[in-house]
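Enquirer: Provided herewith is a single structure, encoded as structure tokens, for subsequent inquiry.
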Amino acid sequence: MNEATRDTASADRHDTSAHGDASARSDTTARNGRHGSGFWGLTLGSIGVVYGDIGTSPLYAFREALRAAVGHGPITQGAVLGVLSLIIWALIIVVTAKYVLLLLRADNHGEGGTLSLTALASRAVGRRTMPIVMLGIIGAAMFYGDSVITPAISVLSAVEGLKIVTPAFEHAVLPFTVTILVALFAVQSRGTAGVATFFGPVMVVWFLALAGLGLLHIADDPHVFGAINPLHGARFVIEHPVTGLVTLGLVFLAVTGGEALYADLGHFGRKPIQSAWFGLVFPALVINYFGQGAMVLANPDAIENPFYRMVPEPLLFPMVLLATAATVIASQSVITGAYSITRQAIQLGLIPRLAIRHTSETQSGQIYVPRVNTALLIGVLFLVLMFKTSSNLASAYGIAVTTTMVVDGLLGFVVIWKLWRWNPWAAAAIITPFVAIDGTFFMANLLKLLEGAWVPLLFGGVIVLLIVTWRRGSRVLLAKTRHLELPLETLVQTLTKKPPHIVPGTAVFLTGDPDSAPTALLHNLKHNKVLHQHNVVLTIESADTPRVSDEERVRMTQLSPLFSKVVLRFGFMETPNVPKALVIARKQGWHFDIMSTSFFLSRRSLKPAAKSAMPRWQDKLFIHLAKSASDATDFFQIPTGRVVEVGTQVTV
């Protein structure tokens, strides 16, 4: 384990947030739009990136909710209007009111998402508190669960349209789904810049098709317009409390993806996201759901697959292709989001370093994380082969997103109260209804625990365990090593008075504790008995902001003619690049020349201690996580030919 990982171990002293959501669902599209497009370009981009998940919900949401509402009984007008009313008002309250109108106003230097909300909440209270940190960790873990389930249910529900084209395709649904998913994950290493430009136009066509299909059938039974009255939904839940609660869990499928509105705030801006929602997405969704409801009222047999039953037969196969494209886009969004959240979690010290590859020479947000990609593919294929149909998989969907939404609501209260300086009662009056509704959806999804909801809970629980273990182990490691180290100022004073043999060149020693002498420096003096002409003690910090300006990137302090201390700061949305950052130090008087500079790192070998502050199993888990961490040289993008590693052994 490199000494540079003590940036992770000491991250508690630098970061004020704990988690990221889908904060970069498609960084390439987002950054291109943000920096090079006008308002309408950003709006188009947001339709493709932000609304992929929620936009594909009509494929299965109404069908599954209505099936839960009627059970094995006949389809009644009360059940249809009740389900439609619950869906429409969920879109209005959960998505429109909470995210589009309220939380989009809570930005962290232009960025949104649960990560930014956690940072804002921590900043608002003036310190990091365990409840805020744990909320962020839970939200982060649940997003990974969402990243596994979304591709599985979205692509599977789209391909199931083949059974409507002809029953002969029924046995081909699973193979086609697996093939599409494998191909989707296989091309991730090539980057998504090329296909991302098509996201917006394809999704515009998709939403127009949703509206068109709804308009074709909305006149089948005009009674569906009665669903605008929220009393229909309330009456259904009150009259059928158990069935109503189960139905609510499936109604929530209609708003999954709503959290992406806030998550992608930094990529497109508040106005484009709001304009896309009110101008196209929301009307198209409502019209389509009304169309499905009217058709089922007129033809109850259509409950088998109301979405595809709306499609005229000559257009059925093209619609399956369009739906598949839309679901692939939705899947791509959460996959890219998983890469982004991983980078942020690494920066914030929540998980060990993982190899991160950049797939674009111009866009820093275009990244690929091989281990995450492999883990997601295995998880997605496992779900598809385990549940086999989108109806079965629907039972596992929703719990992860509801958890994230509850977290957003609780953190939003802290931000509105402390940061916006609202009266606490006024802040509670605004947030409590949203948290209550999200909590109700959460409880409704828990009813599906044995039917599949245990999958994202188990997955999220494992992620939480790994994060907590890494954070705790890092603190234990830091505490053990600090009392063995020599204060840097003491060493500098000693070497200034009695310097060893001086050799030309610059030596950079990476450390997570800028106040203590780096282990690599002490070993270099002990074994080589030489000191370089210029010695730099380098510390890398993670800021609580998404990005750090060049003016704030470098802090340089001259300790003596031989020693200087440099602190490099990177935002949680950035990937550290040490050589580029050090070039900035030239403006502060350091004439940096990479060809005459050596980087010294201490590689630690961890062993379990006889007595540890952690349980034995957690001790071993932490050591395993530390061993799996990627090399600091690659992560910080240091030229491998300029690195000298010194090995040490430490017990934890």
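Enquirer: Would it be correct to say that VAL246 is under 24 Å from ALA453 (Cβ atoms), in the same structural domain as ALA330 (by TED's automatic domain parsing), under 32 Å from the mean Cα position of the chain (by Cα) and part of a helix (DSSP H, G or I)?
Expert: Criteria met by VAL246.
Enquirer: Is it true that some residue in region 425-432 is surrounded by 22 or more Cβ atoms within 10 Å (Cβ to Cβ) and either at pLDDT 90 or above or not in a loop (DSSP other than H, G, I, E, B) (or both)?
Expert: The answer is yes; a qualifying residue exists.
Enquirer: Contact list please: Cβ distance under 6 Å, first residue in region 50-77 and of a type in the set (A, V, I, L, M), second residue surrounded by 24 or more Cβ atoms within 10 Å (Cβ to Cβ) and in a loop (DSSP other than H, G, I, E, B), pairs at least six apart or on different chains.
Expert: Matching pairs, first to second residue: VAL50/ASP264; ILE54/GLY257; ILE54/GLY258.
Enquirer: Is it true that some residue in region 543-551 is closer than 20 Å to ALA345 by Cα, in contact (Cβ under 8 Å) with a residue 60 or more places away in the chain and among the polar types (S, T, N, Q)?
Expert: Looking for residues that are closer than 20 Å to ALA345 by Cα, in contact (Cβ under 8 Å) with a residue 60 or more places away in the chain and among the polar types (S, T, N, Q), one finds at least one in region 543-551, hence yes.
Enquirer: Does region 449-460 include one or more residues that are closer than 29 Å to THR640 by Cα and in contact with a Ser or Thr (Cβ under 6 Å, 6 or more places away or on another chain)?
Expert: Within region 449-460, not a single residue is closer than 29 Å to THR640 by Cα and in contact with a Ser or Thr (Cβ under 6 Å, 6 or more places away or on another chain).
Enquirer: Answer yes or no: is there a residue in region 185-192 that is crowded, with 16+ Cβ neighbours inside 10 Å, part of a loop (DSSP other than H, G, I, E, B) and among the polar types (S, T, N, Q).
Expert: Within region 185-192, one or more residues are crowded, with 16+ Cβ neighbours inside 10 Å, part of a loop (DSSP other than H, G, I, E, B) and among the polar types (S, T, N, Q).
Enquirer: Quick one: how many residues across region 595-644 are over 19 Å from ASN577 (Cα atoms), touching a strand residue (DSSP E or B) at 6+ places or on another chain (Cβ under 6 Å) and surrounded by fewer than 17 Cβ atoms within 10 Å (Cβ to Cβ)?
Expert: Residues that pass the stated criteria total 3.
Enquirer: Is there a residue being more than 28 Å from MET295 (Cα to Cα), part of a helix (DSSP H, G or I) and of a type in the set (Phe, Trp, Tyr) anywhere in region 251-259?
Expert: Within region 251-259, not a single residue is more than 28 Å from MET295 (Cα to Cα), part of a helix (DSSP H, G or I) and of a type in the set (Phe, Trp, Tyr).
Enquirer: Among the residues that make up region 119-131, is at least one of them buried (at least 20 other Cβ atoms within 10 Å of the Cβ), touching a residue at least 60 places away in the same chain (Cβ under 8 Å) and of a type in the set (Val, Ile, Thr)?
Expert: no
Enquirer: Please state which one of LEU103, LEU86 is among the aliphatic types (A, V, I, L, M) and farther than 29 Å from LEU376 by Cβ.
Expert: Just a single option satisfies the conditions, and that option is LEU86.
Enquirer: Among the listed residues ALA302, ALA284, ALA294, identify the single one that is free of Cβ contacts under 8 Å to residues at least 40 places away in the same chain, small (Gly, Ala, Ser) and in a helix (DSSP H, G or I).
Expert: Unique residue meeting the criteria: ALA302.
Enquirer: Follow-up question, since we're still on this one. Test of understanding: among LEU348, LEU381, LEU321, which residue is out of contact with any His (no Cβ under 7 Å at 6 or more places or on another chain), among the hydrophobic types (A, V, I, L, M, F, W, C), surrounded by fewer than 24 Cβ atoms within 10 Å (Cβ to Cβ) and touching a residue at least 24 places away in the same chain (Cβ under 8 Å)?
Expert: After applying the criteria, what remains is LEU381.
Enquirer: Kindly provide the set of residues from region 72-115 that are charged (D, E, K, R) and not in a helix (DSSP H, G or I), ordered by number.
Expert: Answer for region 72-115, where residues must be charged (D, E, K, R) and not in a helix (DSSP H, G or I): ASP107, GLU111.
Enquirer: Do you know which residues across region 542-591 are of a type in the set (Val, Ile, Thr) and crowded, with 21+ Cβ neighbours inside 10 Å?
Expert: If the condition is that a residue be of a type in the set (Val, Ile, Thr) and crowded, with 21+ Cβ neighbours inside 10 Å, then THR545, VAL548, VAL566, VAL578 are the ones that fit.
Enquirer: Can you find even one residue in region 582-599 that is under 19 Å from ARG475 (Cβ atoms) and either part of a helix (DSSP H, G or I) or basic (Lys, Arg) (or both)?
Expert: The answer is no, given that none of the residues of region 582-599 is under 19 Å from ARG475 (Cβ atoms) and either part of a helix (DSSP H, G or I) or basic (Lys, Arg) (or both).
The values are calculated or read from the model by the stated rules, or taken from the named source; none is laboratory data. Just so we're clear, the structure is a prediction, and the values are computed from it rather than from any experiment. Cβ atoms come from the backbone with ideal geometry, glycine included; neighbour counts cover every protein chain shown.
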